[in-house]
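**Q** Before I ask anything, here is the structure I am working with.
Each reported figure results from applying straightforward, stated rules to the coordinates on display, with no laboratory input. All of these numbers come straight from a predicted model, not from anything done at the bench. All Cβ positions, glycine included, derive from the backbone under ideal geometry; neighbour counts span all protein chains shown.
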Amino acid sequence: MASPPLLLLQDIDLTYGVKPLLNGATLSVGEGEMLALVGRNGSGKSTLLKIAAGLVEPDGGKSFLQPTATIRYLPQAPDISGHATTAAFVEDGLPPSDDPHRAQIWLEEMGLTGRESTAHLSGGEARRAALARVLAAAPDILLLDEPTNHLDLLAIERLEQALKASRSAIVMISHDRRFLENLSKSTVWLDRGTTRRLERGFAHFEEWRDQVLEEEEQGRHKLNRKIVQEEHWLRYGVSGRRKRNQRRLEDLRALRRQRDQLRRNKSGTEMKLEVQDAMETGKRVVEAHRVSKSYGDRKIVDDFSIKIVRGDRVGIVGPNGAGKTTLINLITGGQAPDAGTVKLGTNLEVATLDQNREKLDVDRSLAATLTGGRGDSVIINGRSRHVVGYMKDFLFKPEQAQTPIKALSGGELGRAMLAVALSHPSNLLVLDEPTNDLDLETLDLLQEMLANYPGTVILVSHDRDFLDRTVTSVVAYEGEGQWIEYAGGYTDMVAQRGYGMEKAEAHATPVSAPPKKMLAGEAGAGTPSKKSKNEPKPERRRLSPKEQHALKVLPDQMEALHKEIGKLEEALADPDFYIRDVETFTASTKRLAAAQAELEQAEEEWLRLELLREEIGA
């Protein structure tokens, strides 16, 4: 029999101010499930996670948690104050009966020692300490809100491995597509206050979402046509039979109300990203030759050369603290190297997005930040635009014009930085962690803008998918101040290196082992043995007809089993199924277990035959 959900939120309602944030939202978490919770910034994802964690009380709906189930929640901005060291912080999150040694194990897994003072942690270190705290407790349910924020690529890859090995059910919110694709098995879409669930991982979400929105659009068109027909009747129809006509008039008003509701519910306002073009640069944008930079005994950049030409998109990757920002400053002329030369192209106009948001005055209003405090207009590509209209392009409401920068959310702050950076004419965009706190739709638009940008782009990012979609080459940190440029995106870099962000020395080519001592009667060293002309050649292994047939039919069988399992899981997720029909519920549970076993067996057999075929081909 399938286990009931560990956690069930049903028909959750919550209103902030006058606008409902959640309207009948549902979230079901079963044992060992890996759920991606997705939706636009401001759609209520974090709030729904807080309700699941018991930190926010909804206005309406039902909430159920198995009495023995444990939950750990990772907020977007974890508070680690009140503890002297990271070890004390993580140990304080363990259940009373747990071994304190678990805290140290997970701290080391997250790249920390446990001796770090909580008062002097970077954003990435604080995030890793908070992750160690929730993982060390080994809860039944992990609720993770943007777990990859401020983490470098090595830490993200480590986190992925830790979560894959975890037995906890996991609900995750993240703007990192690759992270969601690698981990999620189901997807919950929070859209306009309600939730829809897809029993497949995030890799299949966007195609499904577009299909849902297309069907909604078709529904709106049908509704519009019906309203036109009814309005025609109202103008030209027979005025007799008053009662029936009054009822039809009420139906028309109801249709209009339905259309207005659909218009209000249309999924999000589209964000518009427009970049100001400056005068075109020469062919050469940056040429750095044997550049080096050190701080004391520590080498940040050692003997690095690169040539960047107009139109290039260069990504820079490496662990936090490796010196990515220093490298950008060196090659764009913001900092002088200790050795080597840097030549910049002609007519260079640089627009910069700073990852630390240091260029923003947090006490200044949003409108004043965008206009520079000069009037109420901004100039975009030679056209004067009212600041409120420009704000709308970045999904800000008119009433937010006088909102101070310090009152903006993380996602709003990211959009404000983009708005500031793109308001200046440029032919070289320097983007330091542009994807931080941006939702997936905004990332899509930023990617599209960069694709159409006529100038040159240099960006630092820990978002592997974003790098694959945008850059033409990747400069990767190799340790000890060494940086190497690889053609293509992040995935291409991994293919060329043979590994991700692990240290290069861990993948050094091993020294060949000495040859084994030869037995008496074998050919001597340096004397190749000669085979007799009459010696039969070893028979080459071939796939049998049965194996060839299995290779053809197994993919279809696996696909059919995937679909069957998805339908069974969807049916069993209904909390009322067992009450309605115990016999069918029991039969479905048994069939689900059998189908999962059949799928596992089919996958193993297909993999064995594929490896065998590759071996024969080689």
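**Q** When ranked by the protection proxy of mean other Cβ atoms within 10 Å per residue, highest first, what sequence do the peptides 135-142, 21-28, 462-469 form?
**A** Highest mean packing first, the order is 462-469, 135-142, 21-28.
**Q** Rounded if a/c is under 1.5, else prolate if a/b beats b/c, else oblate: with a ≥ b ≥ c from the C-alpha gyration tensor eigenvalues square-rooted, which is segment 7-205? Please report the intermediate quantities before stating the final value.
**A** Details: a/c = 1.72, a/b = 1.57, b/c = 1.09.
Prolate is the answer for segment 7-205, as a/c is 1.5 or above and a/b outweighs b/c.
**Q** Rounded to whole Hz and in sequence order, give me ³J(HN,Hα) for segment 198-206 from the Karplus expression 6.51 cos²θ - 1.76 cosθ + 1.60, θ = phi - 60°, writing x for Gly and Pro.
**A** Karplus-based 3J(HN,Hα) across segment 198-206 equals 10, 7, 9, x, 4, 4, 9, 5, 5 Hz.
**Q** So what is the relative contact order of segment 545-617, in percent, for Cα pairs below 8 Å that sit 6 or more residues apart?
**A** So the answer I get is 48 percent.
**Q** Right, next: Taking only the C-alpha atoms, wrap a convex hull around segment 284-505 and report its volume per residue in Å³ as a whole number.
**A** 130
**Q** Using only alpha carbon pairs under 8 Å that are at least six residues apart, calculate the relative contact order of segment 284-505 and give it in whole percent.
**A** RCO, segment 284-505: 26 percent.
**Q** Follow-up. Could you please rank Phe394, Phe89, Phe577, placing first whichever residue has the fewest other Cβ atoms within 10 Å of its Cβ?
**A** Ordered from fewest to most neighbouring Cβ atoms within 10 Å, Phe394, Phe89, Phe577 come out as Phe577, Phe394, Phe89.
**Q** Amide H to amide H, which residues 5 or more places from Ile380 or on other chains are under 5 Å from it, using H placed in the peptide plane?
**A** Arg385
**Q** For segment 545-617, what mean projected area does the convex hull of the alpha carbons give, in nm²? Working shown, then result.
**A** Numbers: hull surface 21.2 nm².
In nm², the orientation-averaged hull projection of segment 545-617 is 5.3.
**Q** Here is a follow-up. Are any of the pairs Lys19/Lys62; Lys50/Lys397; Lys185/Lys324; Lys19/Lys567; Lys45/Lys397; Lys62/Lys397 more than 29 Å apart by Cα-Cα distance, and if so, which? Could you put the intermediate results ahead of the total?
**A** Details: Lys19/Lys62 21 Å; Lys50/Lys397 25 Å; Lys185/Lys324 34 Å; Lys19/Lys567 35 Å; Lys45/Lys397 20 Å; Lys62/Lys397 33 Å.
Over 29 Å Cα-Cα: Lys185/Lys324; Lys19/Lys567; Lys62/Lys397.
**Q** Placing +1 at every Lys and Arg Cβ and -1 at every Asp and Glu Cβ, with all other atoms neutral, what dipole size does segment 403-445 have around its Cα centre, in debye to the nearest 20?
**A** Values: 2 positive and 7 negative charges, 50 e Å.
The calculated dipole for segment 403-445 is roughly 240 debye.
**Q** Let me ask something else. Any idea what the relative contact order of segment 7-205 is, in percent, if you count C-alpha pairs under 8 Å spaced at least 6 apart?
**A** After rounding, I find 30 percent.
**Q** For the pair Glu206 and Ala339, what calculated FRET efficiency results from E = 1/(1 + (r/R0)^6), where r is the Cβ-Cβ distance and R0 = 56 Å, to the nearest 0.05?
**A** 0.75
**Q** Please give the Cα centre distance for segment 104-159 versus segment 424-452, rounded to the nearest Å.
**A** The two parts, judged by their Cα centres, are 27 Å apart.
**Q** Quick check for me: using +1 on Lys/Arg Cβ and -1 on Asp/Glu Cβ, what's the dipole size of segment 7-205 about its Cα centre, in debye to the nearest 20?
**A** Numbers: 21 positive and 25 negative charges, 118 e Å.
Rounded to the nearest 20 debye, it is 560 debye.
**Q** Where does segment 407-495 land on Rg/Rh, using Cα atoms and the Kirkwood Rh?
**A** Radius of gyration relative to Kirkwood radius: 0.99.
**Q** What does segment 150-198 give for Rg and for Dmax, in Å, if only its C-alpha atoms count?
**A** Rg then Dmax for segment 150-198, in Å: 12.4, 35.
**Q** Which order results if Arg128, Arg364 are arranged by neighbouring Cβ count within 10 Å, fewest first?
**A** Arg364, Arg128
**Q** What ³J(HN,Hα) values, in whole Hz, does the Karplus curve 6.51 cos²θ - 1.76 cosθ + 1.60 give for segment 124-139 when θ = phi - 60°, with x put for Gly and Pro?
**A** Each residue of segment 124-139 in turn: x, 5, 5, 5, 5, 5, 5, 5, 4, 5, 6, 6, 5, 6, 6, x Hz.
**Q** Roughly speaking, what is the centre-to-centre gap between segment 308-378 and segment 1-78 when only Cα atoms are used, to the nearest Å?
**A** 39
**Q** Evaluate the distance, in nm, between pseudo-label points positioned 7 Å from the Cα of Asp59 and of Ala487 along their respective Cα→Cβ axes.
**A** For Asp59 paired with Ala487, the spin-label model returns 5.8 nm.
**Q** Rank-order 10-17, 179-186, 143-150, 328-335 by packing density, defined as the average count of other C-beta atoms within 10 Å over each peptide's residues, highest first.
**A** Answer by packing, highest mean first, reads 143-150, 179-186, 328-335, 10-17.
**Q** Short version: ³J(HN,Hα) in whole Hz for each residue of segment 19-36, in order, from phi by Karplus 6.51 cos²θ - 1.76 cosθ + 1.60 (θ = phi - 60°), x for Gly and Pro, what are they?
**A** Listing the rounded values in order: 9, x, 8, 10, 9, x, 6, 10, 9, 10, 10, x, 4, x, 6, 10, 10, 9 Hz.
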